[in-house]
C-alpha cells in the first residue's frame, strides 16, 4: 500500500470517535453493548491493518525513505506555513503499529472490563479520540501537528482519568495530569518558537516557509546550529522539558501515579504503552539537536537515571497494585531517556516497543485481578490468586520476566532483556553525554544496572503478594468499600467472595501480549534488525553508536541483576509482607514511609503550588485589585462626592432662584466684557 | 424712522425685558411666568426690528451691504416667534402634565431638582 | 452604495420600530428585535461579497462632509481588520438578543438597549473619522450602563456607575488626543480634518510629527490609555469583574465585543498614527500585556463566581491579543487580530452557557454547584469544548490565535525588541489558563451533587443547543481552517505593520491605495467572496 494512504490510518479512529460521540448511546440502546464494543474495536483494528500494509512497503531508514503526504493548508501566517502533512518513515510507522496494535487489544479488553459501567459510549468516545490524537502526534510531519496530537492525548488522558467524575479525587487527579503536562508543553512551545525564530533569522525568506516541517527543519537546524552550540543546548533543553512532562520524568512525573485513578485499560493504553512514550518519540525525531549538545544529552541521561532510581524506590512503598506499576512505568521511562541521552536512540525506541508489550500486559493483568477482586486495588488484600485466575497468573508471570529482563545471553531472552541491555550498553559505552568531563552517560548506565535489580525485586514483590501466599488475607475481610461507584454492580470484596477468571474478551489480549512479551524482543533484536530498520545509517553528528562497552561484561552483570533481584524478592516476600510493611502503616520503617510518600516531594510541590499559589493570588487580589486600583477609583468617586455634598446646597430646586442666578451670571458676564475688557483698552 | 427716535424703541424694549425678568423671578404661577418669558422674547423682537430698520437707513448708500443686512433682523424675528410658539406648546403640555400629577402648579412646590 | 450606513443604523431604526409597539406585547417586541438583529447580520454578510482582501484600502466606503466648520466628516469604510469585527458584532448581537428571550422586565427598553449598543459598536468599527469614532465609542456607554443598572444583579448600581465612570474617564484622554491630532493636522496642511486617511497620509510622509516629536508620545498615550481601559489591560481592568458579574447575560456577550473596540482602536489608530513614538513605548505596552496575561490568570483561579472567573480570564486573553499586536511582527499581529475574534466567540459561548445555568438556578457561585455533569451531560460537553478553546487546545480556534501571537512576541523578543523573559512568562500564562479553567470545570461539573436544588436540573433544550452549537462550529472552523479568517486580514495587517515601523517616506498610506482602488473599480467587476481572493506573496 502506498504511503499516501496514510490518511486512512487516521480516518478510521476519527470516524469511530464520531460514531461513538453522536450515535453511541443510540446504538447501545438499539443493538446492545456488544455491538457498540465491536464498533469501538473495529476502527482501531482496521487502522492497524492499513498501517501494517504501509509499513511492509516502507524500506530503509528515516533519512532516505521519509515520505511526506500533504493534505492541504492549515495555518498560513506571513512567511510561516504549517500544512496538514503526515510523515511515513520507520519511526512513525513503528509507533503507528504499537498504537493501533496494542490499542486494538486494549479496546477489546475494555469491552469486557467496562461492561458493567454506566457510560460505555462515553468511554469509547474518549478512547477512539485518544488513538486518533496519538496517531496525529506520531504521524504529523511538523512540530505543530505533533503539538496538536501532544495536547490532544493530554486532553483524552484528562477526560479518561476523570472518567469516574463523581469522585472528586479523580477529578483532581485529572486536573493535575493536564496541568503538569501543560508545564511540559510550556517548554515544548518555547523550544518550537526558538526554532522558528532561529530559522527565520538564518534562512529568512528562503525556502517554502515550512520552518517546522521535519524534512526542511532538521537539515536547516544541522547547519544552523553548528556554529552555535549554546543555541542547540537551549533548544534541546526546552524540548526536553516538554518530553519530561509527557513522559513523566522528574520533577514532572507527579501526575502519572495519580493518573491511575482512571479505568485500568486507560492506564494500560495511555499511561503505560503509548502516550507516556511520546517524549521518547520527540527526542528521536529531534535527535540532531541533542547530538549537537553534549550538555543537554548529559542532562537527559542524568534526569533519566535519577527518575529511574527514584521511581523504583518509591515503588517499594506502594501497596496499590496499579501504583506499583505506575512507578515502574516512570522508572522504565527513565531507562528510555538514558538511552536517548547516550545517543542510542534506537535502543530507546526499542525499549518503548518492548515496554509497550509487557507493561500493557502487566496493567491488563492487574486490571483482571482488580476486576476479579471487586475493584479492590490494595495488594495486601490479595493472595494465592493463581488458584482462581490461572490465565492471568501465567501471562503476568511472563510479563514480569520480560520487565525483569530475564534471559540467557546469546541464547534467548524475554522482550525486556534485549532492550534493556541495549540501553545499558549504549550508556556505558558512550562518551557523548558529559558535562565538563564528567561522564554522566556512563554513570547513568551504572545507576540503570542497579535499578534493573530493584525492578526485579519490586516486581517479584508484586507477584508474591498477588498470586502467591495465602488467601487468608482477603478471606478475613468482612466488607470493604474501597472503590465508590455510581452503580452498585460491583461486589465489594468480602470473605465469601470467589474471584472468577475473566471473560475471553479480556484474556485473549493478555495471551497475545504475553506472546509478544516473550518473543517480541528476540525477533526484533535478531541480527540487529530493529536498529537497522530504524536507523540504517550512522547518526549524522555522532556517527556510529556502539551498544557494547569494552571491558565490561554487561551481559553477565545484567543477568545477575535480573535473576538475583528475583531471588532476593522471593526471599523477602514469598511469605507475604514483612511486619514493617504490613497493614499498620504506623509500624512501617521510616524508609518505607518515605517511599510511600514519594520522599515528601509530591506534598512539597502541592504546598508550594496549590496552597502557596492560592495565597499569593488572594493576596494579590486583595492588595492590588481591591486595595490599590479600586481604592484609587473609589477614592476619586468619594472626593467628587464630597465636593458635590458642598455644592448641592446651592441647588434649592426653586426655578426662580435658578433664573436669578442666570440673570446675575449673565449680567456679570456682559459687564465684564463691556466694562473691564473694554476699559482696559 | 418717521421722527420717533431710536432711543424710544430701545427704551421700550428695555422696559419690556426688565418687566419680563422681574416677572419670571417673582411670580409663582407658571402661566404668568410664561407670559413674562413671552414679554422678554417680544422685547428682543422689537430690538431686532428696530436695528434692522435703523441699519437699512444708515447703509442705504451701500447697495450690497443693504442687500445683506436688509432682512436679517426680520428673519430672526420670525425664528424667535416660531421657537416661542414651540416653547409654549411644549411648556403648556408640561404644565398640564404636572397639574394632573400634583393638582397644583405652584412652582414653589416644584423643587424635585433639589440636590 | 450606502451599505455600511445601512448596517450601522439598521439596529437604531429597529429601536424606533420597537417603540411603535406597545410595551404590553412583550412577545412581538422580542420577535421584532430578533428580526432586526438577524436582518442586520444578513445585510452585513453582503460586505463579504463586496470585500476585496487583495487590497488594504478602506472599501465600500462612504465619505460625506458633516460639520465642515470643524472638519468633521461622516466617513465610513471597512478593511481587513474591521471586516470580521463587524461580522462578529452583528453575529453576536443576534446571539445576545436570542438568549434574552426570557427577560420579562421592561422588555422593550431592554431590547432597545441591545440594539442601540449594536449600532454604536458597528459605528465605531466602521468610522474613519476620529470624532465620529469617538461619538460611537462613547455611545456604547449609555445602553451598557442602562443594561447593568436596570436589569443587573444585586449590586448593579455600583457596578454600572463604576463601568461608566471608569471607561468615560479613560476616553476623556482620547478626546484630548483627537483634538491635538486635528490641531497638528491643521498646522501641517492648513486644513482642519479628523479623517484618519488624511491624517495618516501626513504621518506617512513624516510631515505631521516633524515639528511635534516631543508631543508624540503624550498623544500616543492619550489614545492608548483610553483604549487600554476598554480592552481591558492591566492595571485598568477592575471595572470588568463587576460589570460581568452584575449585568444580565446579554451584557457580557455584547461587552465581549465591546472590549474589542479597545484592541481594534490600538490597531487602527495607535499603530499607524504614531510610528515615531511607538518603538520606545513597545516594552512598556508588552510588559502591561504580559502582566495582564499572568495576573488575570492567577486571579481567575481564586474567584468564587463563574462570571468573575470569566472576567479575569478576559483580562488574560486580551493580554495575548495585546502581546500579538505590540510584537510588531506580521505573525504576531495576525495572531493578535485573529485572537480578538476567537475571544469573542469563545467568551460568548461560555457566557451563554453560564447564562443558561443562571436562568435555571439564579446563581453562578461555585458553592451552589458541583456534580451537575450527571444532570446535564450535553451542557457539560458544550462547556468542555468552549473551555478547551479558551485554554488554547490545538484544533480549536484559541490555539491558532494564541500560538501566532506568542510566536510573534517571541520573534520580537528574539530580535531584542524587549526582554525574552516577558515571553517566557507569557507562555506560562497558557499553563495558568489550564489551571483556572479546569478548576472551574471541576467545581461545577465534577463530584457528587451536593445541593438539593441541582438534582432537578434539566439539560439544555433544542433551541439552547442550537444557539451554542452555531458558536461551536466556529470554534472548530477557526481551529482547523484559520486561513478563512486570516487571509482577508493579511494585507491590512501588513500595511498597518509597515505604517508603524517603516521610515518616513517609506510608509504606505491608505490614500495611495485608494487611488489604485479607484482605478480598478472604474471598470465593472464581478462580486468576489472574501475567501477566494488573490493571495499576496
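Filter the stretch C:481-514 down to residues that are without any contact (Cβ under 8 Å) to a residue 60 or more places away in the chain and within 14 Å of chain A (Cβ to nearest Cβ), then give me how many there are.
4
Answer yes or no: is there a residue in the stretch A:349-363 that is touching a strand residue (DSSP E or B) at 6+ places or on another chain (Cβ under 9 Å), assigned to a helix (DSSP H, G or I) and modelled with pLDDT of 90 or more.
no
Any chance the stretch A:113-128 includes a residue that's within 11 Å of another protein chain (Cβ to nearest Cβ), modelled with pLDDT of 90 or more and under 20 Å from the mean Cα position of the chain (by Cα)?
yes
One line per residue, one yes/no per condition, for (1) within 24 Å of residue A:156 (Cα to Cα); (2) part of a helix (DSSP H, G or I); (3) touching a residue at least 40 places away in the same chain (Cβ under 8 Å):
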| position | (1), (2), (3) |
| --- | --- |
| A:9 | yes, yes, yes |
| A:24 | yes, yes, yes |
| A:28 | yes, yes, yes |
| A:34 | yes, yes, yes |
| A:40 | yes, yes, yes |
| A:46 | yes, yes, no |
| A:69 | no, no, yes |
| A:73 | no, no, no |
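Kindly provide the set of residues from the stretch A:165-191 that are within 8 Å of another protein chain (Cβ to nearest Cβ) and farther than 24 Å from residue A:118 by Cα, ordered by number.
The answer is A:178, A:179, A:182, A:183, A:185, A:186, A:189, A:190.
May I ask you to verify whether residue A:621 is crowded, with 17+ Cβ neighbours inside 10 Å, out of contact with any strand residue (DSSP E or B) (no Cβ under 9 Å at 6 or more places or on another chain), away from chain C (no Cβ under 14 Å) and part of a helix (DSSP H, G or I)?
no
Residues in the stretch C:378-421 that are closer than 24 Å to residue A:82 by Cβ, more than 11 Å from every other protein chain (Cβ to nearest Cβ) and surrounded by fewer than 21 Cβ atoms within 10 Å (Cβ to Cβ): how many?
Going through the stretch C:378-421 one residue at a time, the tally reaches 1.
Is it true that some residue in the stretch C:482-502 is more than 28 Å from residue A:165 (Cα to Cα) and exposed (fewer than 15 other Cβ atoms within 10 Å of the Cβ)?
Looking through the stretch C:482-502, at least one residue is more than 28 Å from residue A:165 (Cα to Cα) and exposed (fewer than 15 other Cβ atoms within 10 Å of the Cβ).
For residue A:151, work out the one condition from (1) at pLDDT below 90; (2) within 7 Å of chain C (Cβ to nearest Cβ) it doesn't fulfil.
That leaves (1) as the condition not met.
Could you list, in sequence order, all residues of the stretch C:293-309 that are more than 12 Å from every other protein chain (Cβ to nearest Cβ) and within 28 Å of residue C:269 (Cβ to Cβ)?
The one that is more than 12 Å from every other protein chain (Cβ to nearest Cβ) and within 28 Å of residue C:269 (Cβ to Cβ): C:293.
Which of the following residues is out of contact with any strand residue (DSSP E or B) (no Cβ under 8 Å at 6 or more places or on another chain), more than 10 Å from every other protein chain (Cβ to nearest Cβ), closer than 28 Å to residue A:158 by Cβ and surrounded by fewer than 20 Cβ atoms within 10 Å (Cβ to Cβ): C:424, C:473?
From the options C:424, C:473, the qualifying one is C:473.
Would you check if there is a residue in the stretch C:504-511 being part of a helix (DSSP H, G or I), under 30 Å from residue C:203 (Cα atoms) and modelled with pLDDT under 90?
yes
Evaluate the following for residue C:4: is it part of a helix (DSSP H, G or I), modelled with pLDDT of 90 or more and in contact with a strand residue (DSSP E or B) (Cβ under 8 Å, 6 or more places away or on another chain)?
Criteria met by residue C:4.
Among the residues in the stretch C:326-338, are any closer than 28 Å to residue C:206 by Cβ and away from every other protein chain (no Cβ under 14 Å)?
yes
What about residue A:261, is it within 16 Å of residue A:173 (Cβ to Cβ) and touching a strand residue (DSSP E or B) at 6+ places or on another chain (Cβ under 9 Å)?
no
One line per residue, one yes/no per condition, for (1) at pLDDT 90 or above; (2) surrounded by fewer than 24 Cβ atoms within 10 Å (Cβ to Cβ):
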site: C:92; (1), (2): yes, no
site: C:97; (1), (2): yes, no
site: C:115; (1), (2): yes, no
site: C:129; (1), (2): yes, no
site: C:142; (1), (2): yes, yes
site: C:154; (1), (2): no, yes
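Considering each residue of the stretch A:370-411, count those that are in contact with a helix residue (DSSP H, G or I) (Cβ under 6 Å, 6 or more places away or on another chain), under 23 Å from residue A:335 (Cβ atoms) and modelled with pLDDT under 85, and give that number.
2
For the list (1) at pLDDT 90 or above; (2) crowded, with 24+ Cβ neighbours inside 10 Å, I need the number of the one condition that residue A:97 fails.
Every condition holds for residue A:97 apart from (2).
Of the residues C:373, C:455, C:448, which is over 30 Å from residue C:285 (Cα atoms), modelled with pLDDT under 90, facing chain A (nearest Cβ under 8 Å) and surrounded by fewer than 21 Cβ atoms within 10 Å (Cβ to Cβ)?
None of the other options fit; the residue is C:448.
Report, ordered by the first and then the second residue, all pairs with beta carbons closer than 7 Å, sequence separation of six or more or different chains, a first member in the stretch B:96-115 that is facing chain A (nearest Cβ under 7 Å) and at pLDDT 75 or above, and a second member that is in a loop (DSSP other than H, G, I, E, B) and surrounded by 11 or more Cβ atoms within 10 Å (Cβ to Cβ).
Partner pairs satisfying both residue conditions: B:107/B:28; B:108/A:654; B:108/B:28.
Here is a list of conditions, (1) in contact with a helix residue (DSSP H, G or I) (Cβ under 8 Å, 6 or more places away or on another chain); (2) surrounded by 12 or more Cβ atoms within 10 Å (Cβ to Cβ); (3) at positive phi; (4) not in a loop (DSSP other than H, G, I, E, B), and residue A:528 meets all of them except one; can you say which number that is?
With (1) in contact with a helix residue (DSSP H, G or I) (Cβ under 8 Å, 6 or more places away or on another chain); (2) surrounded by 12 or more Cβ atoms within 10 Å (Cβ to Cβ); (3) at positive phi; (4) not in a loop (DSSP other than H, G, I, E, B) applied to residue A:528, the lone miss is (1).
Where residues in the stretch A:200-219 are crowded, with 20+ Cβ neighbours inside 10 Å and in a helix (DSSP H, G or I), which of them is farthest from the other protein chains (Cβ to nearest Cβ)?
A:214
Could you check how many residues of the stretch A:389-443 are farther than 15 Å from residue A:516 by Cβ, buried (at least 18 other Cβ atoms within 10 Å of the Cβ) and in contact (Cβ under 8 Å) with a residue 24 or more places away in the chain?
25
Kindly list, by first and then second residue, each pair from a residue in the stretch A:653-676 that is more than 14 Å from chain B (Cβ to nearest Cβ) to a residue that is modelled with pLDDT of 85 or more and loosely packed, with under 14 Cβ neighbours inside 10 Å, limited to pairs with Cβ atoms under 8 Å and residues at least 6 apart or on different chains.
none
The values are calculated or read from the model by the stated rules, or taken from the named source; none is laboratory data. Keep in mind the model is a prediction, meaning the values are calculated, not measured. For neighbour counting, all protein chains shown are included, and Cβ atoms are generated from backbone atoms with ideal geometry for every residue, glycine included.
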